[in-house]
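**Student:** Mind having a look at this structure? Questions to follow.
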Amino acid sequence: MSKVAVVGAGYVGLTTAMCLAHLEHEVCCVDINDERIAGLRAGVVPIREDGMEDLLRAGLDSSRLTFSTNAGDAVADAEFVFLCVGTPSDDNGEADLSAVDAVATAIAPHLMPGVVIVNKSTMPVGSTRRVHRVLSEAGAAHEEFGVASNPEFLREGAAIRDFLHPSRVVVGAEDAATAQRVADLYRPLGAPVVITSPASAELIKYAANAFLATKISYANAIAALSEAVGADVVDVMLGMGYDPRIGPEFLKPGPGFGGSCFPKDISALLHTAREAGYHFDLLDGVVAVNEEQRERVVTKIRDAAGGSLAGVRVGVWGLTFKANTDDVRDSPAIAVVRDLLAEGAEVVAHDPALDHPPVEGITLAPSPLEAAKATAVVAVLTEWDEYRWIDPPELAAMVSERRIVDARNLLDPVVWRRAGFVITGIGRL
Ligand code: NAD
Ligand code: UGA
């Protein structure tokens, strides 16, 4: 079993730290956020992620999982150091690696000979080499450490499951021995392993996210076409998805993809392509469809309200960027809400994962029915399961008009129409 330091206690860092401790490694997880680390030491999970509380408790009880705010101390006896800090977009759409650079600079003087630094955060092509350079410049002895790219493919809301049952493990390193050492950490998981160059490993991560986003934009484009020709996109995607070459996943139309990763990773990939002189028109199209999709949802809500949103009370169900997470970063629901506010609507929202409004100017209600009280339109913006089972007569008793815009095709239109509601979905009549 190995000694591991994980730097960054966010979605990826916590998942990595807890799962590696579960696989019986000795793990110290570091963050600059004192409050977060104090909470974790006391057994409090700072994010909503299924299964994390049990893993944290087990890790603390076995003493295999510890937490620190001091990266230097944490890496001093580590054989592997996982970098899991954020890599947000900068103003040019490029990945901002300042947190990565800061960590590399801080840990360099404390590293043990033979340590492997593992780039787990999503970082553009060239980052393995860059981290190597920053470490060397900050005093790490050149021959005494290796750097590997080991991108993470987990989804929020299913992070633990995805980490422990990966579809594949990708490792990119300049030398085979370093790559193999990283791959060996995952051996108990029995997943296929792709060992490759750092540039290929880095590109695999961006190419995979961009491809998934392309599927979603394709589904959204076919949804728009379905509306124009009188088809039902849900059936169209069902009929397409049974083809194993296409597959059923990531074909759900909606308000557009969001979250902390797809938008920023696509910007970063477009930036990489521009720098390399490649015109990635296909990906530009994916972004354009995605932006249009949010506008289409706002138009549907405006139309449902009779052509103007000024002074109209709208009940919003769901604010997170998808269900089963508390993450609102780059949430399409919030982009739609901002547009509604800009057009003068009054917004009362509900989200099962939130207890504070994430946007100024809206009210957060304690239940979906309360959010719908006296509204002219209810808009379903995130596909939380609890909205699916709401009883139409109970909603009818709350609203002032029976109008629903279902931007996730979550509700059964037949059931709601039977209850006297006018319901508009995405890509279906
Ligand atoms: P996050 O914002 O949830 O967490 C990042 C953490 O790093 C924060 O807690 C922050 O306080 C900490 N941090 C920042 N600077 C630090 C420093 N100098 N020293 C120690 N800690 C520091 O981010 P995340 O969602 O976990 O994403 C991290 C990376 O993983 C990103 O590159 C992202 O693209 C990638 N990724 C994310 C997901 C996901 O589902 N969220 C999945 C795969 C890959
Ligand atoms: C995504 C990828 O699925 C992960 O493999 C990857 O590791 C991660 O990004 C990352 O790099 O951070 P995540 O952001 O958690 O994971 O969310 P997804 O489940 O992929 O959903 C992303 C967005 O697409 C959400 O807004 C979701 O509502 C939307 N979506 C997804 C659709 O509109 N339709 C679909 O069919 C699927």
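The values are calculated or read from the model by the stated rules, or taken from the named source; none is laboratory data. Note that the structure is a prediction, hence the values are computed from the model and not measured. Cβ sites come from the backbone with ideal geometry, for glycine too, and all protein chains shown count toward neighbours.
**Student:** So which of ASP326, ASP406, ASP351, ASP330 ends up being among the acidic types (Asp, Glu) and at positive phi?
**Tutor:** Values: ASP326 fails: at positive phi; ASP406 fails: at positive phi; ASP351 fails: at positive phi.
Matching residue, one of ASP326, ASP406, ASP351, ASP330: ASP330.
**Student:** Does at least one position in the stretch 217-226 carry a residue that is under 27 Å from ASP330 (Cβ atoms) and near ligand 2 (Cβ under 7 Å from one of its atoms)? If you could, list the steps in order and put the result at the bottom.
**Tutor:** Of the stretch 217-226, the ones under 27 Å from ASP330 (Cβ atoms) are 217-226.
Now drop any that are not near ligand 2 (Cβ under 7 Å from one of its atoms), which leaves 219.
Within the stretch 217-226 (the criterion being under 27 Å from ASP330 (Cβ atoms) and near ligand 2 (Cβ under 7 Å from one of its atoms)), the answer is yes, since at least one residue qualifies.
Residues are listed down the side, and each one gets a yes or a no for (1) surrounded by 22 or more Cβ atoms within 10 Å (Cβ to Cβ); (2) over 15 Å from LYS215 (Cβ atoms); (3) at pLDDT below 95; (4) within 13 Å of ligand 2 (Cβ to nearest atom):
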{"position": "VAL233", "(1), (2), (3), (4)": "yes, no, no, yes"}
{"position": "ASP243", "(1), (2), (3), (4)": "no, no, no, no"}
{"position": "ILE246", "(1), (2), (3), (4)": "no, no, no, yes"}
{"position": "PRO255", "(1), (2), (3), (4)": "yes, yes, no, yes"}
{"position": "LYS264", "(1), (2), (3), (4)": "yes, yes, no, yes"}
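**Student:** While we're looking at this one, here's another question. Which of the residues spanning the stretch 124-154 are within 16 Å of ligand 2 (Cβ to nearest atom) and of a type in the set (Phe, Trp, Tyr)? Break it down into steps so the answer makes sense when it comes.
**Tutor:** Step one: list which residues in the stretch 124-154 are within 16 Å of ligand 2 (Cβ to nearest atom), which gives 124-125, 127, 149-154.
Within the stretch 124-154, just PHE153 meets the criteria.
**Student:** Identify the residue in the stretch 79-106 that is of a type in the set (Ser, Thr, Tyr) and within 16 Å of ligand 2 (Cβ to nearest atom) and, among all such residues, is surrounded by the most Cβ atoms within 10 Å (Cβ to Cβ).
**Tutor:** Taking the candidates together, the pick is THR87.
**Student:** Next question. For the stretch 72-116, which residues satisfy the criterion of being closer than 20 Å to ALA140 by Cα and among the polar types (S, T, N, Q)?
**Tutor:** SER98, THR105
**Student:** Here's something else I'd like to know. Which of (1) away from ligand 2 (no atom under 16 Å from the Cβ); (2) within 22 Å of VAL12 (Cα to Cα); (3) surrounded by fewer than 21 Cβ atoms within 10 Å (Cβ to Cβ) is the odd one out, the single condition PRO109 does not satisfy?
**Tutor:** Evaluating PRO109 over (1) away from ligand 2 (no atom under 16 Å from the Cβ); (2) within 22 Å of VAL12 (Cα to Cα); (3) surrounded by fewer than 21 Cβ atoms within 10 Å (Cβ to Cβ) leaves (2) as the failure.
**Student:** Which condition from (1) more than 11 Å from ligand 2 (Cβ to nearest atom); (2) under 21 Å from GLU94 (Cα atoms); (3) part of a helix (DSSP H, G or I); (4) free of Cβ contacts under 8 Å to residues at least 12 places away in the same chain is the one that HIS279 breaks?
**Tutor:** Answer for HIS279: the failing condition is (3).
**Student:** Additional query: Looking only at residues that are hydrophobic (A, V, I, L, M, F, W, C) and within 16 Å of ligand 2 (Cβ to nearest atom) in the stretch 19-58, which one is surrounded by the fewest Cβ atoms within 10 Å (Cβ to Cβ)? So that I can check it myself, show each step before the final result.
**Tutor:** Start the filter on the stretch 19-58 by keeping residues that are hydrophobic (A, V, I, L, M, F, W, C), which leaves 19-21, 23, 27-30, 32, 37-38, 40, 42, 44-45, 47, 52, 55-56, 58.
Narrowing further to those that are within 16 Å of ligand 2 (Cβ to nearest atom): 19, 47, 52.
Values: CYS19: 23, ILE47: 17, MET52: 19.
Looking at the filtered set, the residue picked out is ILE47.
**Student:** Something else: For the stretch 151-210, give me each residue that is of a type in the set (Lys, Arg) and part of a loop (DSSP other than H, G, I, E, B). Full working, then the answer.
**Tutor:** Filtering the stretch 151-210 down to residues of a type in the set (Lys, Arg) leaves 155, 161, 168, 181, 187, 205.
Within the stretch 151-210, ARG155, ARG168 qualify.
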